[in-house]
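The values are calculated or read from the model by the stated rules, or taken from the named source; none is laboratory data. These numbers were taken from a predicted model, which means no experiment stands behind them. When we count neighbours, we look across all protein chains shown, and the Cβ atoms used for this are built from the backbone with ideal geometry, even at glycine.
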Amino acid sequence: MTKIKAEFAQGIEVRPSGIDGKGCFATAPFRKGRKIAELTGERIARVEAARRMRGRERLHICAIDTYWGIDGSRGGNGTQYVNHSCEPNSFVRIVRGHIIIFALRDISPGEEITLDYVESYHPDTKRCRCGAPKCRGTINLKLK
């Protein structure tokens, strides 16, 4: 049986993370405001997303809108391993149905690429392990 090597987005690699499991790391510099990569994977409806998430600890599904999402665990390009941080170095924009990750500040090679998930499919009680000085303690932002 031949093992197929994953195709990662240009400028990133996946390796163990100090935040959680695997992480997405820059192999090239990314300037503030520039595109890092598109989050890729299988496009699925919210009903299928809910089915796939049942009983799972690690989620690689990101919403495009209230109906569609991308499951990066199927056909992803490594961006599904971007971990949460309360003090992230990147942000996401939905552009014509595509999930694009941009640099929030200059990112150097070797640096882990992180996002503030703000609101995710994880339960609101899911603890954050980002280690940032201003860590809020949970992955999802709880509005007061």
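The table for this structure:
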read-out: Counted residues, the stretch 95-125 - those being in a loop (DSSP other than H, G, I, E, B) and farther than 18 Å from residue 66 by Cβ; value: 12
read-out: The stretch 1-37 - residue that is of a type in the set (Ser, Thr, Tyr) and either at pLDDT 95 or above or under 30 Å from residue 133 (Cβ atoms) (or both) and, of those, surrounded by the most Cβ atoms within 10 Å (Cβ to Cβ); value: 17
read-out: Subset tally (residues that are surrounded by 22 or more Cβ atoms within 10 Å (Cβ to Cβ) and either free of Cβ contacts under 8 Å to residues at least 12 places away in the same chain or out of contact with any Asp or Glu (no Cβ under 7 Å at 6 or more places or on another chain) (or both)) for the stretch 60-69; value: 2
read-out: Qualifying residue in the stretch 70-90 (condition: in a loop (DSSP other than H, G, I, E, B), loosely packed, with under 13 Cβ neighbours inside 10 Å and of a type in the set (Ser, Thr, Tyr)); value: no
read-out: Complete set of residues in the stretch 38-69 that are under 11 Å from the mean Cα position of the chain (by Cα) and modelled with pLDDT of 90 or more; value: 38, 39, 40
read-out: The stretch 91-128, residues that are farther than 22 Å from residue 33 by Cα and crowded, with 16+ Cβ neighbours inside 10 Å; value: 120, 121, 122, 126, 128
read-out: Residue selected from the stretch 45-59 under the condition among the charged types (D, E, K, R) and part of a helix (DSSP H, G or I), by the criterion surrounded by the most Cβ atoms within 10 Å (Cβ to Cβ); value: 52
